[in-house]
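Comments concern the structure below.
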Amino acid sequence: MGKSGKSKKKKLKVLIAASECAPFVKVGGLADVVGSLPKALEKINVDVRVVIPYYKEVQSSKFKVQSCNSKFKVKFGRAEEVGVYESRLPGSEVPIYFLENQKYLSGGGVYFSKDAFVSSQEEIRRFAFFSKAVVEFIKVSERKPDVVHCNDWHTGLVPGLIKSSKLGHSATVFTIHNLANQGFAELSILKNLNSITPESELIRWDAEDDNLDLMLQGVTAADVVSTVSPSYAKEILTPEFGEGLHQVLKAREARLFGILNGIDYQIWNPEMDQKIEFNYGLKEGPAGKVGNKIYLQKELGLTVNPEVPLIGVVTRLAEQKGIDILLEALKGILAFGAQLVILGVGDPKIEKELRIKNEELREKGSFKAIIRFDEELAHRIYAASDLFLMPSKFEPCGLVQIIAMRYGALPIVRETGGLKDTVEDAKTGFVFREYSAEALLEVVERAAGRFGVENIEFRQMISRAMQADFSWERSAGEYLQLYQRALEYKNLQSA
């Protein structure tokens, strides 16, 4: 054969394993990442695929999912049969695979525990089984991935299982989305993990406190570890944010990287968003938000007045999110003449307290808490709000503040993690440092004082916020470099 022009560069093959993926199934921000990152990777010529459990929620959804007519066995105590289903991530050609097993994967809800930080042993077994199923799925697949990208404790066993199996060609990346949720398994689970040797030094050390930490397993076994923002990657090396794993992470610091999450600007775009009442863009600025604000005020029973600052909160109701200092500062915030809207679910104690506040403040027309998960209402709150509050105790990345900026709602955030990396004080939002109700009140007063459609400085801040680029395209390039680095580390170990 004669010389052919340029040789075709071989595509990197990546399999992303996770517990959820938008829009098929979403409980938190992890789903947004797993639903968006693959589409951005596809655009830079990565052969990327996704695998998640085939939950009952997916089976009853509107999405077209079909059987691959493929089954395999997973030894988990006894041999369990797993079926494989397939679809495509909307707006792409990225395949997503669903692993079906009625006993472990397809019965019950997405998560068994309402509290994200307290995982039941039933849930632990589900994801231990899922981790084994992912490895067996790779074994029976014709396409063997160069890199397996695991996410949070739900897939923390995968790197170790790959190392101890006959899948030595696959490098592993383990991404920490939230270190506080680690997945502590009873030691009895080891009998189902026959390909991870219970005699190994790592297992013995982890088991000294009579449990197995699935997050720790992922951190120690993966070729490369990443977090979802550069600042969080530094913070988790300290006792304050390390959740008991700071020394382990410090030992792996040379292989620990922080890559900021992005958002999908096709979904989060006020110019085209079909979930809001009035579309607007940079040209209209704050004036374009007024119609949405009046609509939301009417919808939620707030006093209809576009001249008062409307502060939005879309969050998981948990102590991590700073709800305790928000409730402490609530009366002071409303005393500034602001309106406050909160949307979210989570800790039953916080939900109860917010319902009480709804009753107490019903007649004032300045406060409303909506205790439910409602994606469409979230879009309307972003479009209507002038300011957006995230007083988090810690925040690995945070997507809410990035979305709020795109919708011209200036974020008010605490200086931590991804909030620190994305919001510039007095330029694209308002930042405070001390975790206290007093510091929160001070920054809200500063933000409310700047508010006003006629305020030139406020309009300039909104313009900068709406133009900020936190697209996945930028982050995807960094992930590609991370995958290549994982392969290099793996090849060095096997050399």
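Here, each number is a calculation from the coordinates, and none is a lab measurement. For clarity, every value in this text was computed on a predicted model and none was experimentally measured. Cβ coordinates were reconstructed from backbone atoms using ideal geometry, including for glycine residues, and neighbour counts include every protein chain displayed.
Points to keep in mind about this one:
- Taking other residues whose beta carbon is less than 12 angstrom from the beta carbon of ASP324, and scoring Lys, Arg as +1 and Asp, Glu as -1, yields -1.
- Rounded is the label for the stretch 285-469, because a/c, from the alpha-carbon gyration tensor with a ≥ b ≥ c as root eigenvalues, stays below 1.5.
- Two-site FRET efficiency, ALA254 against ARG474, from Cβ-Cβ distance with R₀ of 25 Å, rounded to 0.05: 0.55
- Between LEU282 and VAL304, full extension at 0.36 nm per residue minus the direct alpha carbon distance yields a gain of 5.5 nm.
- Highest average packing first - 136-143, 45-52, Cβ atoms within 10 Å: 45-52, 136-143
- Gyration tensor (alpha-carbon) shape descriptor, the stretch 37-177, a/c threshold 1.5: rounded
- Between VAL140 and GLN102, residue separation times 0.36 nm minus the direct Cα-Cα distance comes to 11.7 nm.
- Answer label, with Cα extents along the principal axes in Å calculated from the coordinates and candidates (i) 67, 63, 44; (ii) 73, 53, 53; (iii) 105, 56, 42: (i)
- Centroid-to-centroid, using Cα positions, the stretch 318-377 and the stretch 28-64 are 32 Å apart.
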